[in-house]
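**Q** This is the structure, below, for whatever I ask next.
The values are calculated or read from the model by the stated rules, or taken from the named source; none is laboratory data. None of these values were measured; they are calculated from a predicted model. Positions of Cβ are backbone-derived with ideal geometry, glycine not excepted, and every protein chain shown enters the neighbour counts. Heavy atoms of the whole protein, side chains included, go into the accessibility calculation; ligands, DNA and RNA do not. Shrake-Rupley method; radii C 1.70, N 1.55, O 1.52, S 1.80 Å.
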Amino acid sequence: MLLCGGRRFNLLAPTTPLSFGTFIKHLAASKSSKLSLTAKSFTSSTSSKVFSSSRFEALNSRQKEQVHLYIDSLLEWNQKMNLTAVKEESEVMERHVEDSLSIIEPIRTSYLSHCGPSSENLNLVDVGSGAGLPGVILAIASPGWKVTLLESLNKRCSFLEHVVSQIGLSNVQVKRERAEKLGQDVSFRESFDVAVARAVAEMRILAEYCLPLVRTGGIFVAAKGHDPQEEVQRAERAIQLMGASLLHIRCVDSHSKHGQRTAIICLKGKPTPKKYPRDPGTPAKIPL
């Protein structure tokens, strides 16, 4: 539940996806004030270090070791290629690892409520994986998930292949390809239970990148900033054209300057028309 401008707006209760009109009507009331998290939302202090956060501490010793190995590799490779602007281990833990861990609960809750009886063996694609965020962290924390890291740049794929091998993640595959091409590949099109994207593009572009890869009845989760109202409104047409609708939005606490981020979750209700995604480059140049 969100408290928006004094109104309580339950974003997890609906059994059917919200209309964009309803979503924007309620969310607009919060534009002049910060969204307040209720007791059911995450509660870790923004001043505490991720080392003591409930999410990181919930990992077992092997998973914690894998996270540290990932960070070591990231910072080492970052000296020779641009993977992240963050230079210190503590910053990576706070800004990247914590953010990635924070979307696991919204994924599981949404999937169980609307998609299937179990969230233990999901087939997930991280679109525009970059440095492996959030995909590598999701694979560490949820070893039963099969995670595909989709990245178009050779250098980043080399890093991802190295770090997956270094950590020993048997549930991860790295795929070097553009999202537009993979979405038209019959081996991957509409084959994933969940698609996620973090810090890749605006929502209307992401919809065309990600939703063609999601099976009918699956979900697309976009990790966004603290105030996604205008971006979500602009994406209405694109999301609907891909055969999906807005399911709900979840606030998640983070160590950003605003103290929170949002997970925008879309439910795919019907197959994506064959003409989508369009040719490589077109979604970004001419957004729907």
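**Q** Restricting the search to region 123-140, which residues are outside any strand (DSSP E or B) and either within 18 Å of Ile219 (Cβ to Cβ) or touching an Asp or Glu at 6+ places or on another chain (Cβ under 6 Å) (or both)?
**A** Within region 123-140, Gly128, Ser129, Pro134, Gly135, Leu138, Ala139 qualify.
**Q** It is to be established whether one or more residues within region 81-101 are surrounded by 17 or more Cβ atoms within 10 Å (Cβ to Cβ), touching a Gly at 6+ places or on another chain (Cβ under 8 Å), at pLDDT below 95 and not in a helix (DSSP H, G or I).
**A** yes
**Q** If you go through region 138-160, how many residues are under 17 Å from the mean Cα position of the chain (by Cα) and open to solvent by less than 50 Å² (accessible area, probe 1.4 Å)?
**A** Selection size over region 138-160: 11.
**Q** Test Glu230 against the criterion of being in contact with a helix residue (DSSP H, G or I) (Cβ under 7 Å, 6 or more places away or on another chain) and among the charged types (D, E, K, R), and give yes or no. Lay out the reasoning, then the answer.
**A** Working: in contact with a helix residue (DSSP H, G or I) (Cβ under 7 Å, 6 or more places away or on another chain): no; among the charged types (D, E, K, R): yes.
Here the answer is no, as Glu230 does not meet what is asked.
**Q** In this structure, is Gly217 more than 13 Å from the chain's Cα centre (by Cα) and part of a strand (DSSP E or B)?
**A** Values: more than 13 Å from the chain's Cα centre (by Cα): yes; part of a strand (DSSP E or B): yes.
It is true that Gly217 is more than 13 Å from the chain's Cα centre (by Cα) and part of a strand (DSSP E or B).
**Q** Looking at region 274-288, I want the residues that are over 16 Å from Ala244 (Cβ atoms) and have a partner that is open to solvent by 30 Å² or more (accessible area, probe 1.4 Å) and in a loop (DSSP other than H, G, I, E, B) with Cβ atoms under 7 Å, at least 6 apart or on another chain. Which pairs are those?
**A** Short answer, once both residue conditions are applied: Pro280/Arg178.
**Q** Inside region 205-225, can you point out the residues that are farther than 18 Å from Leu133 by Cα, surrounded by fewer than 23 Cβ atoms within 10 Å (Cβ to Cβ) and touching a Ser or Thr at 6+ places or on another chain (Cβ under 7 Å)?
**A** Arg215, the sole residue that qualifies.
**Q** From (1) in a helix (DSSP H, G or I); (2) over 14 Å from the mean Cα position of the chain (by Cα); (3) touching a residue at least 24 places away in the same chain (Cβ under 8 Å), pick out the condition that doesn't hold for Glu120.
**A** Status for Glu120: all satisfied but (1).
**Q** Being closer than 22 Å to Leu211 by Cβ, open to solvent by 10 Å² or more (accessible area, probe 1.4 Å) and over 16 Å from the mean Cα position of the chain (by Cα), is that true of even one residue in region 102-112?
**A** Yes, region 102-112 has at least one match.
**Q** With the requirement that a residue be in contact with a Gly (Cβ under 8 Å, 6 or more places away or on another chain), of a type outside the set (A, V, I, L, M) and surrounded by 20 or more Cβ atoms within 10 Å (Cβ to Cβ), what does region 116-137 give you?
**A** Within region 116-137, Asp126, Ser129 meet the criteria.
**Q** So, one more: What number of residues within region 125-149 are in contact with a Ser or Thr (Cβ under 7 Å, 6 or more places away or on another chain), in contact (Cβ under 8 Å) with a residue 60 or more places away in the chain and among the aliphatic types (A, V, I, L, M)?
**A** 3
**Q** So, one more: Mind listing just one residue for me: the one in region 180-204 that is open to solvent by less than 10 Å² (accessible area, probe 1.4 Å) and not in a strand (DSSP E or B) and, of those, farthest from Gln233 (Cα to Cα)? Please lay out each step first, then the result.
**A** Taking region 180-204 first, the residues open to solvent by less than 10 Å² (accessible area, probe 1.4 Å) are 180, 182-183, 192, 194-197, 203.
Then keep just the ones that are not in a strand (DSSP E or B); that gives 180, 182-183, 203.
On the way: Glu180: 23, Leu182: 27, Gly183: 24, Met203: 9 Å.
Filtering region 180-204 for residues that are open to solvent by less than 10 Å² (accessible area, probe 1.4 Å) and not in a strand (DSSP E or B), the one farthest from Gln233 (Cα to Cα) comes out as Leu182.
**Q** Take the residues in region 233-248 that are aliphatic (A, V, I, L, M) and surrounded by fewer than 24 Cβ atoms within 10 Å (Cβ to Cβ), then tell me which one is nearest to Glu151 (Cα to Cα).
**A** From region 233-248, those aliphatic (A, V, I, L, M) are 235, 238-239, 241-242, 244, 246-247; that's our starting set.
Cutting the leftovers down to surrounded by fewer than 24 Cβ atoms within 10 Å (Cβ to Cβ) gives us 238, 241, 246.
On the way: Ala238: 22, Leu241: 24, Leu246: 26 Å.
Within region 233-248, the match that is nearest to Glu151 (Cα to Cα) is Ala238.
**Q** Turning to a different aspect of this structure: Within region 254-277, which residues are at pLDDT below 95 and open to solvent by 10 Å² or more (accessible area, probe 1.4 Å)?
**A** Of everything in region 254-277, those that are at pLDDT below 95 and open to solvent by 10 Å² or more (accessible area, probe 1.4 Å) turn out to be His255, Ser256, Lys257, His258, Gly259, Gln260, Arg261.
**Q** I've got another one for you. Answer with yes or no whether Val163 is hydrophobic (A, V, I, L, M, F, W, C), touching a Ser or Thr at 6+ places or on another chain (Cβ under 6 Å) and buried (at least 18 other Cβ atoms within 10 Å of the Cβ). I'd like the intermediate steps shown before the answer.
**A** Values: hydrophobic (A, V, I, L, M, F, W, C): yes; touching a Ser or Thr at 6+ places or on another chain (Cβ under 6 Å): yes; buried (at least 18 other Cβ atoms within 10 Å of the Cβ): yes.
Against the criterion (hydrophobic (A, V, I, L, M, F, W, C), touching a Ser or Thr at 6+ places or on another chain (Cβ under 6 Å) and buried (at least 18 other Cβ atoms within 10 Å of the Cβ)), Val163 qualifies.
**Q** So the check is Cβ under 6 Å with 6+ separation or different chains; which pairs have a first residue in region 170-190 that's under 22 Å from Pro143 (Cα atoms) and a second one that's outside any loop (DSSP other than H, G, I, E, B) and open to solvent by 60 Å² or more (accessible area, probe 1.4 Å)?
**A** Filtered contacts from region 170-190: Asn171/Lys146; Val174/Glu161.
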